[in-house]
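The values are calculated or read from the model by the stated rules, or taken from the named source; none is laboratory data. All values reported here derive from a predicted model rather than from experimental measurement. Cβ placement follows ideal geometry from the backbone for every residue including glycine, while neighbour counts extend to all protein chains displayed.
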Amino acid sequence: MKLTKRAVDIIYPEDRDRDYYDDALKSFGVRVRKSGRKTYFVMSRERGRMRRITIGKHGVLTTEEARKQAMKILHDLSVGIDPTAEKKKIKETGTVRSLSTRFLKEYVPVHLKPSTQREYRRSIELFINPKLGSYLISDITRTDIASLHHGLRKKPYQANRTLGVLSVMFNQAELWGMRAELSNPCRGVKKYKETKRERFLSVEELGRLGEALKDEDSFAPSAVACVKLLVLTGCRLSEIQKLKWEHVDFTRNMLRLPDSKTGRKTVYLGDAAITVLKAIPRLTKNAYVITGQIEGQYLTDMQKPWRRIRAAAKLDDVRLHDLRHTFASSAVSLGENLPMVGKLLGHSQPQTTARYAHLADFQAISAADKISSELAGAIGVTNPE
């Protein structure tokens with residue numbers, strides 16, 4: 001029969017599956033299953049055996065579209081091209097989207113902290129899948145990765161974080177047998193230079209902040225206590241927000257955090273921080289130090305009260321994380337060496353603390369002045385008045 005849309009539409013299913021062939025293109029046909037489903041196909045002979053290649057479902061494809069695909073398949077077979085090779089490749093290795101799905105399910109929850117999990121998921125959903133999701137894992141090249149990275153060049157921090165996520169993903173692809181070993185396409189893609197923000201409060205700015213914090217009627221007491229502890233401990237925001245009373249050791253003036261960005265952590269407390277902690281009321285049904293409005297929960301949103309506090313102190317460009325920088329800069333300015341500052345902040349890498357090294361320049365200048373003044377008389381140099 002001549003296969004047309006009308007002809008295929010009026011074929012009724014029987015009590016068994018049945019094939020109908022086109023009288024013009026002999027190898028092209030439609031299989032009508034007893035369920036009523038109709039699927040176009042091509043039959044070909046390969047190594048003496050008949051092979052059925054499915055084209056697609058009637059209704060999704062028109063008869064003419066299916067016929068054109070059948071002609072292409074037959075042509076490819078005649079010149080030695082396997083039309084199903086691409087589908088086989090996808091089935092065997094999968095796409096970047098399928099890799100990211102497995103990565104988010106099997107790797108991320110097991111190996112990463114919740115905050116990092118959110119960062120990975122965001123990079124995958126917003127930047128990786130839209131750009132590379134439909135690509136075969138095995139086909140991704142360094143050029144593809146470089147192109148994605150370059151596309152985010154106006155956001156260097158995000159570009160570098162996304163590159164890092166991709167690198168871990170393709171390492172896992174190798175371990176899972178989806179790519180050849182040592183084939184990570186992220187190797188050799190150079191990260192963009194990131195300018196670290198170094199904003200810390202001066203003594204005068206700290207004074208304005210202190211005055212603003214005295215107005216406890218305008219701000220929630222828990223938010224005020226949180227800000228004070230951030231200034232006096234140098235902790236990260238999440239470390240203070242999620243701090244429980246069981247982590248506070250008043251006997252040894254310490255916070256013993258079971259988990260932080262760098263793992264278990266001991267925070268050493270000065271007397272001022274102890275005073276703030278002792279002034280915070282304990283709630284019988286809440287284990288957290290910085291309590292929220294929901295019973296038993298910590299204060300999850302510090303950004304809203306912080307915006308109001310910094311506005312009152314006229315510190316509109318100051319972030320909560322800048323209070324940590326302020327603690328570090330004060331430590332260096334008071335003569336503490338970098339290893340000690342790193343210990344107080346809980347840095348796992350010395351180079352993280354090294355960003356504050358230039359703040360100690362005044363100490364070197366002061367030392368140089370003392371030494372040169374001592375030696376000046378001996379060589380006949382008179383210090384200016």
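The selection criterion, being outside the structural domain of Lys278 (by TED's automatic domain parsing), surrounded by 13 or more Cβ atoms within 10 Å (Cβ to Cβ) and either at pLDDT below 90 or among the hydrophobic types (A, V, I, L, M, F, W, C) (or both), does not hold for Glu194.
The residues of region 273-292 include none that are surrounded by fewer than 13 Cβ atoms within 10 Å (Cβ to Cβ) and touching a Leu at 6+ places or on another chain (Cβ under 8 Å).
Scanning region 160-186 for residues that are surrounded by 20 or more Cβ atoms within 10 Å (Cβ to Cβ), among the aliphatic types (A, V, I, L, M) and within 15 Å of the chain's Cα centre (by Cα), we see that the one that is farthest from Leu112 (Cα to Cα) is Leu163. Selection of region 266-323 for residues being among the charged types (D, E, K, R), in contact with a helix residue (DSSP H, G or I) (Cβ under 7 Å, 6 or more places away or on another chain) and within 16 Å of Val227 (Cβ to Cβ) yields Lys314, Asp316. Just so you know, in region 172-212 the residues that are outside any loop (DSSP other than H, G, I, E, B) and of a type in the set (Gly, Ala, Ser) include one that is nearest to Thr141 (Cα to Cα), and it is Ala173.
Evaluated against (1) modelled with pLDDT of 95 or more; (2) within 30 Å of Ile55 (Cβ to Cβ), Lys105 falls short on exactly one condition, (2). Can you find a residue in region 226-244 that is touching a Lys or Arg at 6+ places or on another chain (Cβ under 9 Å), free of Cβ contacts under 8 Å to residues at least 24 places away in the same chain and charged (D, E, K, R)? Within region 226-244, none of the residues are touching a Lys or Arg at 6+ places or on another chain (Cβ under 9 Å), free of Cβ contacts under 8 Å to residues at least 24 places away in the same chain and charged (D, E, K, R). Only a single criterion out of (1) in a loop (DSSP other than H, G, I, E, B); (2) loosely packed, with under 13 Cβ neighbours inside 10 Å; (3) touching a residue at least 60 places away in the same chain (Cβ under 8 Å) is not satisfied by Phe219, namely (2).
For every residue, the table says whether it meets (1) closer than 23 Å to Glu205 by Cβ; (2) of a type in the set (Lys, Arg); (3) out of contact with any strand residue (DSSP E or B) (no Cβ under 6 Å at 6 or more places or on another chain).
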position	(1), (2), (3)
Phe219	yes, no, yes
Leu230	yes, no, yes
Ala279	no, no, yes
Arg282	no, yes, yes
Tyr298	no, no, no
Ala313	yes, no, yes
Leu323	yes, no, yes
Thr326	yes, no, yes
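You will find that of Gly94, Gly80, the residue that is more than 21 Å from the chain's Cα centre (by Cα) and in contact (Cβ under 8 Å) with a residue 60 or more places away in the chain is Gly94 and no other. In the set (1) under 20 Å from Lys214 (Cβ atoms); (2) of a type in the set (A, V, I, L, M); (3) more than 28 Å from the chain's Cα centre (by Cα), the condition left unmet by Leu334 is number (1). Taking the criterion of being within 18 Å of Leu74 (Cβ to Cβ), at pLDDT 90 or above and in contact with a helix residue (DSSP H, G or I) (Cβ under 7 Å, 6 or more places away or on another chain), the residues of region 26-50 that qualify are Ser27, Phe28, Val30, Tyr40, Val42. Among the residues making up region 224-248, those that are assigned to a loop (DSSP other than H, G, I, E, B) and more than 20 Å from Ala328 (Cα to Cα) are Lys242, Leu243. Against the test of being of a type in the set (A, V, I, L, M, F, W, C), in contact with a helix residue (DSSP H, G or I) (Cβ under 9 Å, 6 or more places away or on another chain), at pLDDT 85 or above and within 24 Å of Gly151 (Cα to Cα), the options Ile124, Ile53 yield a single qualifying residue, Ile124.
For region 293-345, the candidate set comprises residues that are in contact with a Lys or Arg (Cβ under 9 Å, 6 or more places away or on another chain) and exposed (fewer than 14 other Cβ atoms within 10 Å of the Cβ); within that set, the residue that is modelled with the highest pLDDT is Lys314.
Of all residues in region 264-294, exactly one satisfies the criterion of being small (Gly, Ala, Ser), part of a loop (DSSP other than H, G, I, E, B) and within 18 Å of Val341 (Cα to Cα), namely Gly270.
The residue that is farthest from Ile309 (Cα to Cα), among those in region 232-255 that are crowded, with 22+ Cβ neighbours inside 10 Å and among the aliphatic types (A, V, I, L, M), is Leu255. Is it the case, given these coordinates, that Arg118 is outside the structural domain of Asp259 (by TED's automatic domain parsing), modelled with pLDDT under 95 and in a helix (DSSP H, G or I)? Considered against the rule, which asks whether it is outside the structural domain of Asp259 (by TED's automatic domain parsing), modelled with pLDDT under 95 and in a helix (DSSP H, G or I), Arg118 comes out as yes.
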